[in-house]
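Structure first, commentary second.
The values are calculated or read from the model by the stated rules, or taken from the named source; none is laboratory data. Everything numeric here is computed off the predicted structure, so don't read it as measured data. We place every Cβ from the backbone using ideal geometry, glycine too, and count neighbours over all the protein chains shown. The area values use the complete protein model at the heavy-atom level, side chains included, leaving out ligands, DNA and RNA. Shrake-Rupley method; radii C 1.70, N 1.55, O 1.52, S 1.80 Å.
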Amino acid sequence: MQLKGIYAPIVTPFNADESINYPVLEQLIEYLIANKIAGLVPGGTTGEVYAFTEAERLDIFKFTKEKVNGRVTLIAGTNSGATRDVVRYSQIAEGMGYDALMVAVPPYSRPNQRELLAHYEAVAKAVKIPIVLYNFPWRAGTEVSYEVMDGLTKYDHIIGIKEASSDMSRVYEFRLRYGDRYQMICGSDDQALDYFLWGTTSWIGGAASCAPLEHYNVLEAALANDFVTARQHMDKLLPLLRNMESGGYTQKVKLGCELRGIPVGKPRQPLLPCPLKTAQNLSIFKTI
């Protein structure tokens with residue numbers, strides 16, 4: 001499986017009582033598909049999966065699968081704090097017909113590299129569909145090291161890694177160490193153009209939920225080897241991405257959806273809506 005294009009870790013719309021707003025979720029799905037998204041990733045951090053019950057997570061998987069109905073690639077975010085739960089969610093997603101999985105480092109426990117390798121091996125042995133790892137040490141507290149990646153080379157269905165460390169040296173090193181064995185997927189939004197210059201063909205970006213076509217334009221030009229045009233598109237998008245990366249990422253993505261006419265509502269607590277000053281700063285949507 002070769003990932004190519006923009007994949008949106010889709011936000012979760014909530015009603016005023018924090019219940020999931022499924023009609024708006026359907027609206028968002030249709031908006032993203034209409035704006036050239038290659039795939040959706042329900043169950044990601046931007047979707048506030050950490051604040052879901054198990055039933056809500058599985059309902060989101062089922063609803064998204066039914067509404068997409070094969071039109072774009074579906075990657076299930078199956079991360080959790082316990083390996084057994086990740087295995088169970090992954091097997092359920094596989095049974096639903098998901099195309100692939102995205103599995104981050106388990107939160108809060110901060111496993112060492114030997115433990116993390118054992119965790120990923122347990123997931124790999126439990127399913128047959130493609131797996132994308134997710135390296136975001138700032139959030140997880142643990143990096144997916146080369147030791148782990150070396151140990152996983154025997155699992156052909158572990159196809160790549162979403163890299164969100166902001167360490168471009170890993171992008172270069174991956175090419176030298178692994179060649180074509182692993183796909184390098186952009187997860188550091190404000191460095192996207194650098195990733196594409198070094199051969200990355202896919203971008204899993206949370207802000208794609210509110211600016212899908214703008215993400216697409218950058219990558220499409222890069223894939224055509226037109227980096228002058230790609231840079232022009234990135235110049236327009238970069239201020240928004242840098243604003244979002246400065247803090248309150250999920251809240252700002254949800255606000256961006258609201259500014260695009262998709263009433264996704266407030267985040268679920270403990271997150272709070274963006275303050276008025278932040279909302280005013282995101283008027284940048286009018287210029288991209």
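Would you list, by chain and number, the aspartates and glutamates whose Cα falls below 13 Å from the Cα of K266, excluding same-chain residues fewer than 8 positions away? Cross-link targets: D17, E18, E48, E258. For the pair R260 and D180, the difference between a 0.36 nm per residue extended length and the Cα-Cα distance amounts to 25.0 nm.
Shape index of region 156-288: Rg/Rh, with Rg the Cα radius of gyration and Rh the Kirkwood radius from the inverse mean 1/r over Cα pairs, equals 1.01. Extension gain for A122-E66 works out to 17.3 nm (0.36 nm per residue, less the C-alpha to C-alpha distance). Using a 1.4 Å probe on the protein chains only, how many percent of the accessible area of the chain belongs to carbon and sulfur? It is 50 percent, rounded to a whole number. With all protein chains kept in place, the per residue accessible area of the chain amounts to 43 square angstrom at a probe of 1.4 angstrom. An ellipsoid equivalent to region 130-206, defined through the eigenvalues of its Cα gyration tensor, has semi-axes of 18, 15, 12 Å when rounded to whole angstrom and sorted largest first.
Over region 153-201, Cα pairs under 8 Å with separation of 6+ residues give a relative contact order of 43 percent.
Loop-located chymotrypsin sites (Phe, Trp or Tyr not before Pro) in region 1-108 (DSSP state other than H, G, I, E, B) with a sparse environment of at most 12 neighbouring Cβ atoms within 10 Å: Y108.
Computing FRET efficiency as 1/(1 + (r/R0)^6) for K236 and Y50, where r is the C-beta to C-beta distance and R0 is 25 Å, gives about 0.20. Secondary structure note: in the chain, about 5% of the DSSP beta bridges are antiparallel.
Using the Cα centre as the reference, give the magnitude of the dipole from point charges on the C-beta atoms of region 47-133 (Lys, Arg: +1; Asp, Glu: -1; all else neutral), rounded to the nearest 20 debye.
So the magnitude is around 180 debye.
Inter-label distance, K154 to D167: 2.6 nm, where each label sits 7 Å from its Cα along the C-beta direction. Measuring from centroid to centroid over Cα atoms, what is the spacing of region 101-177 and region 1-47 in Å? Centre-to-centre (Cα) distance: 24 Å. In terms of its C-alpha gyration tensor, region 75-127 comes out prolate, because a/c is 1.5 or above and the ratio a/b outweighs b/c. With helices as the sole contributors, the chain gives -13500 deg cm²/dmol at 222 nm; each DSSP H run of n ≥ 4 counts as -39500 (n - 2.57), and the sum is divided by every residue. Short-range pairs are left out: with C-alpha atoms under 8 Å and at least six residues apart, the relative contact order of region 1-142 is 20 percent. Not counting the cut sites, what is the longest span of the chain without trypsin sites (Lys or Arg not before Pro) that DSSP labels loop and that have at most 11 other Cβ atoms within 10 Å? Within the chain, the longest run free of exposed trypsin sites (Lys or Arg not before Pro) spans 155-288.
Taking all Cα pairs closer than 8 Å and separated by 6 or more residues, the relative contact order of the chain comes to 21 percent.
Taking each residue as 0.36 nm, the span from R139 to E115 lengthens on full extension beyond its C-alpha to C-alpha distance by 6.9 nm. Structural size metrics of region 1-122, computed from C-alpha coordinates, are Rg and Dmax of 14.6, 44 Å. When the chain is described by a simple charge dipole with +1 on each Lys and Arg Cβ and -1 on each Asp and Glu Cβ, the residue from Q269, L237, T45 located farthest towards its positive end is Q269.
Computed about the Cα centre, the dipole magnitude for the chain is approximately 120 debye when only Lys and Arg (+1) and Asp and Glu (-1) carry charge, each at its Cβ.
Here the scattering of the chain is modelled by Debye summation over its C-alpha atoms, one equal scatterer each and no solvent; at q = 0.12, 0.15, 0.16 Å⁻¹ the log10 of I(q)/I(0) is -0.72, -1.17, -1.34.
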